[in-house]
Amino acid sequence: MSRRASGLRAWVVQRLTAVYVAAFTVAAVLALALGSGLDHGEWVSLVRQPAVSIAILLFFLSLLLHTWVGLRDVLIDYVREPTLRIILLSLLAGGLVACGLWVLVIILSLW
Amino acid sequence: MPFVVRSGCKIPMSRKARPVFLNLGLLLARMPVTAIVSIGHRLTGIFLALATPLLVYAFETSLSSSAGFDRLISLSQSVPGRIVAVVLFWSLAQHLFSGIRYLGIDLGFWVSRTQARMSAWVATALAAAFAVFGALAL
């Protein structure tokens, strides 16, 4: 069996992105809980810091890849009709790419 | 012979009139906790995926202007805002703790039936505890 067909890559992507998403989420929840007195200016300058911007972009990239593997599995498991399955998978992929581009535009507009 | 299709099986028309009872409570009670946590991981995953565009929208609003930022803060302190926040936080905690459990299982921990069930209970209890703590801290 080829490496592509084995599903190993999706399995690895799901686990690696899970670890990053989990670590970032815990850090973000803690940071937001501790810095609850933040005003708009401080929030913008925090997000504008290169390290924070990159961490946020990586977070959304990981989150969208994780969502892709997870919802792809759900659709493949429950939608048996091939045409409908392809349509839903395409809508999912399009929606996730759109979300990713949206985040990219938001971050780039700060720079 | 005429038939109807139910759950992918061809059933003769003569049996069509038989009622099908779906007792969800009974079904859940008979399921092992590991199965419920597994389905819960899927359901919370789907729910969190649906919430992702809202997260991006909130992120955009918070950065766009001072007014947007303040609107988001006051929304997060309103009653409906708090309810949404707690439900989202609970889903996130459940998905996170059951996810950590699955990573552990990948590494060979909590594989025996006793430990699998125990860890499923622990993940669910931790998620519930965090949700309660989050609700009180809001």
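Bear in mind that the values in this text are calculations on the coordinates, not laboratory data. Fair warning: this is a prediction, and the values are worked out from it, not measured in the lab. Note that we place each Cβ from the backbone using ideal geometry, even for glycine, and neighbour counts take in every protein chain shown.
Counting Cβ atoms of other protein chains within 10 Å of each residue's Cβ and taking the mean over peptide A:74-84 gives 1.
About its Cα centre, how strong a charge dipole does chain B have in debye, to the nearest 20, once Lys and Arg get +1 and Asp and Glu get -1 at the Cβ?
Details: 12 positive and 3 negative charges, 208 e Å.
Taking the Cα centre of chain B as origin, the dipole is about 1000 debye.
3J(HN,Hα) along region A:40-50: 4, x, 5, 5, 4, 5, 5, 5, 5, 4, x Hz, from the Karplus curve 6.51 cos²θ - 1.76 cosθ + 1.60 with θ = phi - 60°, whole Hz, x for Gly and Pro. Between B:Ala58 and B:Ile83, the simple spin-label model (points 7 angstrom out along Cα→Cβ) gives 1.6 nm. Of all the options B:Val84, B:Val33, B:Val122, the one that moves most in a Gaussian network model of chain B with Cα springs shorter than 10 angstrom is B:Val84. What angle do you read, to the nearest 10 degrees and between 0 and 90, between the alpha-carbon axis of helix A:82-109 and the longest principal axis of chain A? Result, in degrees: 20. Charge dipole (Cα centre; +1 on Lys/Arg Cβ, -1 on Asp/Glu Cβ; no other charges) of chain A amounts to roughly 520 debye. Of the complete DSSP H runs in chain B, those spanning 18 angstrom or more by Cα along the long axis with a mean Kyte-Doolittle score not below -0.5 are B:33-64, B:79-106, B:113-137. Applying the criteria of a DSSP loop state and at most 12 other Cβ atoms within 10 Å to the trypsin sites (Lys or Arg not before Pro) of region A:1-71 yields A:Arg3, A:Arg4. Computed 3J(HN,Hα) for region A:55-68, one whole-Hz value per residue from the Karplus formula 6.51 cos²θ - 1.76 cosθ + 1.60 where θ = phi - 60°, is 4, 5, 4, 4, 4, 5, 4, 5, 4, 6, 5, 4, 5, 4, glycine and proline marked x. Compared with the alpha-carbon gap, the fully stretched path from A:Leu91 to A:Val52 is longer by 11.0 nm at 0.36 nm per residue.
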